[in-house]
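Just below is one structure, and these are the notes that go with it.
The values are calculated or read from the model by the stated rules, or taken from the named source; none is laboratory data. None of the values given here were measured: they were computed from a predicted structure. All Cβ positions, glycine included, derive from the backbone under ideal geometry; neighbour counts span all protein chains shown.
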Amino acid sequence: MNKHSFLPFLRLIAFASIGLLVSCGGGSSANMGILNLLLTDSPACGYQNVYVSVDHVEISPDGSSWISVPVKSSFQQPIDLLNLTNGTLLSLGEAPLAAGTYNQVRLVLKSNGMSAPWANYLVPTSRPTVQIPLKTPSGQQSGYKINGPFHVQAGTMADLVLDFNACKSIVVAGNSGNYLLKPVVSATAMVVSGSITGTTVPSSQVFAEQQSNTGPVIVIGSVADSTGAFTLSPILESSSGGTVDVVVVPPVPVSGVPAVPVSGAGYATDIVQDVPVTAGGTTNLGTITPEASTINLVSGTVTVAGSPGAANLVAEQTIASSARIYEIASTITTTGPYIIPLAASGPWLGTFSTALPITFTEDTASTDTGIYSITATDAAGTVSSQSANVSAGPATTNFSISP
């Protein structure tokens, strides 16, 4: 994983494993299951390290009575999420759990205290010897709540995926130099899952996406390693509806330290539509070779009222022929300037086939090529969207958000 590349988000995945994949261990009764916690991540947004310390996880059937799941003593120290990628899982711990339906989970992190060593911190790529504590302004003691329902069957192990989008969870607090950790976490009960593998340009961002009534949903993301290999795992067959679309966004040209995206020669985005997800199996996409494209910048300013005055910016692209929308890039910014690098041509579209390599055709529709929707969302959920056309050069969009 190239930790110095411009990457849009980080994901933490924790499983409440309930043994459809592994049979229940000894000591469980007829009405008990087992909860097993594992971690993995997807790419992060330019940090060299992002450390978090998980104290424990709690699960509740009704939101009032809570059952604590301890973390293994070997993982009481901070965990660098950027060491987990491409389907790598880290087992945090497990506990017996009564069979039934659970409606809420809480992720409880350790407190940072008043001085180093910090429990939760990041290391910026521009200052690799500096540890910046991640402040948790609210909710840390009671935990970060994720809604269900989640089902545990007797005599089995069930899987619960907690998706911790760390890039969208780290907020720069204005000009104070402070970084706030305000976790954005979702959860999906996993019955059985599959994987998608392939090879492309090293350090490419790779997303498995689905369509929803509110826009594209990233099911899981990863980043191609130094050989170009990538793995999207786990992908839940039940949540994917049987298929996902795989979006490959190659790395962009950068300059300086810290690395800043610049216009220049790069690659177009590739999208493989209707990729099947097979429970317990792996779908191979073969080698995906992106076509050359100029990378142009969407830039401007963002003005966000209130504190911490930060917004999440997402660039999406619509494919008119299939009426599908895809998230291509995202970044977090405070009040001030921003930059998002985007391909001027493409995207290139392919439909999954077992006959490899997959054939791609450029989307040349005048409404699609190089045209993106840029959406800014602040911490209060206030949204502002504008269109940006980078097909012939850079574009400027400015946002002013007042909840």
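Quickly run through the stretch 311-339 and pick out the residues that are polar (S, T, N, Q) and within 20 Å of residue 368 (Cβ to Cβ).
Once the filter is applied, which keeps residues that are polar (S, T, N, Q) and within 20 Å of residue 368 (Cβ to Cβ), the stretch 311-339 yields 317, 318, 321, 322, 330.
Filter the stretch 172-191 for residues that are surrounded by fewer than 16 Cβ atoms within 10 Å (Cβ to Cβ) and not in a strand (DSSP E or B); which is modelled with the highest pLDDT?
Across the stretch 172-191, the extreme among qualifying residues is 178.
Which residues, taken from the stretch 329-350, are surrounded by 19 or more Cβ atoms within 10 Å (Cβ to Cβ) and either under 20 Å from residue 393 (Cα atoms) or without any contact (Cβ under 8 Å) to a residue 12 or more places away in the chain (or both)?
Of everything in the stretch 329-350, those that are surrounded by 19 or more Cβ atoms within 10 Å (Cβ to Cβ) and either under 20 Å from residue 393 (Cα atoms) or without any contact (Cβ under 8 Å) to a residue 12 or more places away in the chain (or both) turn out to be 329, 330, 338, 340, 341, 342, 343, 344, 345, 346, 347, 348.
Residue under question is residue 293, and the condition is that it be part of a strand (DSSP E or B), surrounded by fewer than 21 Cβ atoms within 10 Å (Cβ to Cβ), among the hydroxyl-bearing types (Ser, Thr, Tyr) and over 22 Å from the mean Cα position of the chain (by Cα); does it hold?
No; evaluated as a whole, the condition is false for this residue.
Kindly provide the set of residues from the stretch 321-348 that are within 22 Å of residue 294 (Cβ to Cβ) and outside any strand (DSSP E or B), ordered by number.
Of everything in the stretch 321-348, those that are within 22 Å of residue 294 (Cβ to Cβ) and outside any strand (DSSP E or B) turn out to be 344, 345, 346, 347.
Under 9 Å between Cβ atoms, which residue pairs at least 6 apart in sequence (or on different chains) link something in the stretch 226-239 that is assigned to a strand (DSSP E or B) with a partner that is aromatic (Phe, Trp, Tyr) and at pLDDT below 90?
234/15
Scan the stretch 325-341 residue by residue and report those that are under 20 Å from the mean Cα position of the chain (by Cα) and not polar (S, T, N, Q).
325, 326, 327, 328, 329, 332, 339, 340, 341
Could you list, in sequence order, the residues of the stretch 192-217 that are within 15 Å of the chain's Cα centre (by Cα) and assigned to a strand (DSSP E or B)?
Of everything in the stretch 192-217, those that are within 15 Å of the chain's Cα centre (by Cα) and assigned to a strand (DSSP E or B) turn out to be 205, 206, 207, 208, 209, 210, 216, 217.
Scanning the stretch 329-353 for residues that are modelled with pLDDT of 95 or more and polar (S, T, N, Q), which turns out farthest from residue 391 (Cα to Cα)?
The extreme case among them is 353.
How many residues does the stretch 361-403 contain that are farther than 23 Å from residue 268 by Cβ and in contact with a Pro (Cβ under 6 Å, 6 or more places away or on another chain)?
Count: 2.
How about the stretch 351-403: which of its residues are acidic (Asp, Glu) and touching a residue at least 60 places away in the same chain (Cβ under 8 Å)?
Those that are acidic (Asp, Glu) and touching a residue at least 60 places away in the same chain (Cβ under 8 Å): 362, 378.
Which of the residues spanning the stretch 374-389 are assigned to a strand (DSSP E or B) and within 21 Å of the chain's Cα centre (by Cα)?
Across the stretch 374-389, the qualifying residues are 374, 375, 376, 377, 378, 383.
Of a type in the set (S, T, N, Q), surrounded by fewer than 16 Cβ atoms within 10 Å (Cβ to Cβ) and more than 16 Å from residue 316 (Cα to Cα) - does that describe any residue in the stretch 258-268?
Taking every residue of the stretch 258-268 in turn, none turns out to be of a type in the set (S, T, N, Q), surrounded by fewer than 16 Cβ atoms within 10 Å (Cβ to Cβ) and more than 16 Å from residue 316 (Cα to Cα).
Against the definition (over 27 Å from residue 292 (Cα atoms), of a type outside the set (Phe, Trp, Tyr) and not assigned by TED's automatic domain parsing to the domain that holds residue 289), how does residue 221 come out, yes or no?
For residue 221, the condition - over 27 Å from residue 292 (Cα atoms), of a type outside the set (Phe, Trp, Tyr) and not assigned by TED's automatic domain parsing to the domain that holds residue 289 - is not met.
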